[in-house]
């Protein structure tokens with residue numbers, strides 16, 4: 001005969017938290033973190049103490065103008081590049097070896113050479129063909145550093161975006177094409193209404209990375225006389241030799257890039273909410 | 001056509017030897033930054049992979065900074081900031097002393113910092129691809145933590161991280177072009193000088209682009225050979 005107790009166990013306190021020992025890793029981690037915090041506090045103090053300085057009074061407006069130029073450049077070339085990437089990606093997938101070869105060469109060239117060299121090639125190199133451009137009435141375009149920069153950035157990002165697009169479209173299951181064909185949809189409609197929306201979900205993350213890379217890459221246009229954020233910084237530094245010019249630029253770039261990254265994460269979360277299970 | 005050939009020829013009339021010297025600087029800068037970037041990136045990946053939260057966040061702050069700053073700005077910060085810092089330090093010992101920062105060293109430091117922050121992500125995702133059992137197997141054999149890391153984990157880690165690191169190498173090679181902005185005589189700077197002197201910008205900048213393209217083609221070929229070499233132990237598929 002078994003003996004069953006009617007008493008329940010009295011509530012027990014939670015087991016004591018395990019003592020975390022001060023291992024070498026933990027000490028190193030705390031030291032490094034302390035170093036960052038001290039450096040960050042120092043930076044904040046430095047920036048705050050300079051808000052009333054002559055430098056800040058003279059140049060804060062210029063910095064804001066610079067950010068606007070940077071964002072305009074990146075926005076314009078991202079949109080134009082997206083438009084251009086579609087035919088490039090289609091040509092890349094073409095069965096005609098000539099067409100796909102040209103598209104492949106285009107993508108390979110713009111992904112294999114530095115953006116700075118491409119910008120120089122277009123801005124300075126266009127001078128070689130000045131008579132030709134004058135004849136066809138395009139010299140005003142290639143004479144201007146701003147148009148050249150937008151053009152170079154557009155061609156560059158179009159090559160990267162074409163690869164993103166191609167990868168994303170290939171990632172869509174073949175059954176989607178077959179199902180659409182079974183429903184009697186034409187290829188074009190299938191692409192726009194069935195495949196592309198699904199591909200875009202996959203492409204969101206790479207597009208976000210490309211956007212951040214473009215913002216960072218856009219700093220080089222300061223070398224072709226455009227006063228974007230970096231250009232304004234260089235101008236301010238060359239006039240004052242005050243190193244805070246670069247500190248402000250670093251802070252502003254970090255803010256812009258981090259804000260965009262966070263924003264993009266939010267957008268991605270929102271657009272993929274139908275795919276989450278919970 | 002003949003004129004163009006004269007311009008790119010080697011010798012006193014042509015720019016071939018200057019350009020070749022520039023290529024050498026570009027390649028050696030990339031090669032010199034690589035080991036520092038790899039080691040630093042590996043250490044940061046170790047920190048990010050550790051169980052200690054404070055170490056993880058310290059490493060994350062590092063990558064956030066160097067992945068968020070434009071490479072050109074990092075370069076200027078290192079070049080001008082390093083110069084100022086070294087001058088301050090030198091003045092403590094000798095009054096009125098000035099130190100000049102070598103643009104090659106500045107480029108190397110800046111490129112290594114950027115490379116390491118990206119490489120740490122590559123190593124980290126490789127770490128995630130290695131199962132816990134590999135560590136446990138190593139400990140069960142009586143290997144110390146560092147021996148397990150060196151003999152068991154690292155060989156697999158390199159194999160897993162290699163494709164991403166290869167991409168980073170190609171990016172590094174292209175980023176060296178930025179040092180022309182701080183006056184280092186690399187390929188792009190020589191191309192720019194030649195373009196200004198000869199008034200043939202398209203020829204020289206186009207040529208520079210083609211040389212960069214050739215460098216990345218050679219690198220890709222080399223990288224794919226290394227990749228097959230690391231996979232020689234795997235069963236052929």
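The values are calculated or read from the model by the stated rules, or taken from the named source; none is laboratory data. It should be emphasised that the depicted structure is a prediction, and the values quoted were computed from it without experimental measurement. Note that we place each Cβ from the backbone using ideal geometry, even for glycine, and neighbour counts take in every protein chain shown.
Points worth noting:
To keep it simple, each residue is scored yes or no on (1) within 25 Å of residue B:217 (Cβ to Cβ); (2) at pLDDT below 90; (3) touching a helix residue (DSSP H, G or I) at 6+ places or on another chain (Cβ under 6 Å).
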site: B:145; (1), (2), (3): no, no, no
site: B:152; (1), (2), (3): no, no, yes
site: B:162; (1), (2), (3): yes, no, yes
site: B:171; (1), (2), (3): yes, no, no
site: B:175; (1), (2), (3): yes, no, yes
site: B:179; (1), (2), (3): yes, no, yes
site: B:189; (1), (2), (3): yes, no, yes
site: B:204; (1), (2), (3): yes, no, yes
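- Qualifying residue in the stretch A:166-179 (condition: within 25 Å of the chain's Cα centre (by Cα), surrounded by fewer than 14 Cβ atoms within 10 Å (Cβ to Cβ) and assigned to a helix (DSSP H, G or I)): yes
- Evaluation of residue A:126 against (1) free of Cβ contacts under 8 Å to residues at least 24 places away in the same chain; (2) surrounded by fewer than 20 Cβ atoms within 10 Å (Cβ to Cβ) (one fails), failing number: (2)
- Residues within the stretch A:1-52 that are within 14 Å of chain B (Cβ to nearest Cβ) and not in a loop (DSSP other than H, G, I, E, B), tallied: 21
- Of the residues making up the stretch A:213-231, those that are more than 8 Å from every other protein chain (Cβ to nearest Cβ) and farther than 17 Å from residue A:62 by Cβ are A:213, A:214, A:224.
- Selection within the stretch A:91-123 - part of a helix (DSSP H, G or I), more than 14 Å from chain B (Cβ to nearest Cβ) and free of Cβ contacts under 8 Å to residues at least 24 places away in the same chain: A:91, A:97, A:98, A:99, A:100, A:101, A:102
- On inspection, residue B:142 qualifies as over 26 Å from residue A:111 (Cα atoms) and surrounded by fewer than 17 Cβ atoms within 10 Å (Cβ to Cβ).
- Unique match (being in a helix (DSSP H, G or I), facing chain B (nearest Cβ under 10 Å), touching a residue at least 12 places away in the same chain (Cβ under 8 Å) and over 22 Å from residue B:78 (Cα atoms)) among A:261, A:234: A:261
- Residues that are crowded, with 23+ Cβ neighbours inside 10 Å and in contact (Cβ under 8 Å) with a residue 60 or more places away in the chain, drawn from the stretch B:185-204: B:186, B:187, B:188, B:190, B:191, B:194, B:204
- When the residues of the stretch B:7-55 are filtered to those that are within 14 Å of chain A (Cβ to nearest Cβ) and surrounded by fewer than 16 Cβ atoms within 10 Å (Cβ to Cβ), the one that is modelled with the highest pLDDT is B:43.
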